[in-house]
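K.L.:
Following this message is one structure expressed as structure tokens.
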Amino acid sequence: MIRILADRDACISAGMCVLTAPEVFDQDDADGRVVVTAPAPATEELQRAAREAVGLCPARALSLDGETART
Ligand code: SF4
């Protein structure tokens, strides 16, 4: 199981995460910063999308916890 961590102070409201994984991320209506709506995505598909979003975030505001090293 992976867990998604978001550093809202680092988020620059670019929205890449929401575009990439709309089932996992949303943006705050007030300030546009990231809101993780599914911090522990259950399915492979959502986990893949979440990983992609973490890699795409231009502010490096997203990270994964509990990720085992991949070969
Ligand atoms: S991609 Fe990064 S900077 Fe953009 S909204 Fe998501 S967390 Fe914030």
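The values are calculated or read from the model by the stated rules, or taken from the named source; none is laboratory data. For clarity, every value in this text was computed on a predicted model and none was experimentally measured. Ideal geometry is used to build each Cβ from the backbone, glycine not excepted, and the neighbour counts take in all protein chains shown. Calculation scope for accessible area: heavy atoms of the full protein, side chains included, ligands and nucleic acids excluded. Shrake-Rupley method; radii C 1.70, N 1.55, O 1.52, S 1.80 Å.
K.L.:
Just to confirm, what accessible area per residue do you get for the stretch 3-65 at 1.4 Å probe, in whole Å²?
P.N.:
Values: 3700 Å² over 63 residues.
Per residue, the stretch 3-65 has an accessible area of 59 Å².
K.L.:
Could you calculate the FRET efficiency of residue 14 with residue 42 from 1/(1 + (r/R0)^6), where r is the beta carbon distance between them and R0 is 35 Å, rounded to 0.05?
P.N.:
Efficiency computed from Cβ-Cβ geometry: 0.85.
K.L.:
For the chain, what % of the accessible area comes from carbon and sulfur atoms, probe 1.4 Å? Could the numbers behind the result be given before it?
P.N.:
Values: 2190 of 4530 Å².
Taking all protein chains in place, the chain shows 48 percent carbon and sulfur surface.
K.L.:
Helix-only estimate, please: 222 nm mean residue ellipticity of the chain, summing -39500 (n - 2.57) across DSSP H runs of length 4 or more and dividing by its residues, to the nearest 500. Walk me through the intermediate numbers first.
P.N.:
On the way: 2 runs with 18 residues, N = 71.
Taken over the chain, the calculation gives -7000 deg cm²/dmol.
K.L.:
Continuing with the same structure: What's the local net charge at residue 9, with K and R +1, D and E -1, over the other residues with C-beta under 15 Å away? Intermediate values should be presented prior to the final figure.
P.N.:
Values: positive: 8, 33, 60; negative: 7, 28, 31.
Residues close to residue 9 contribute a combined charge of 0.
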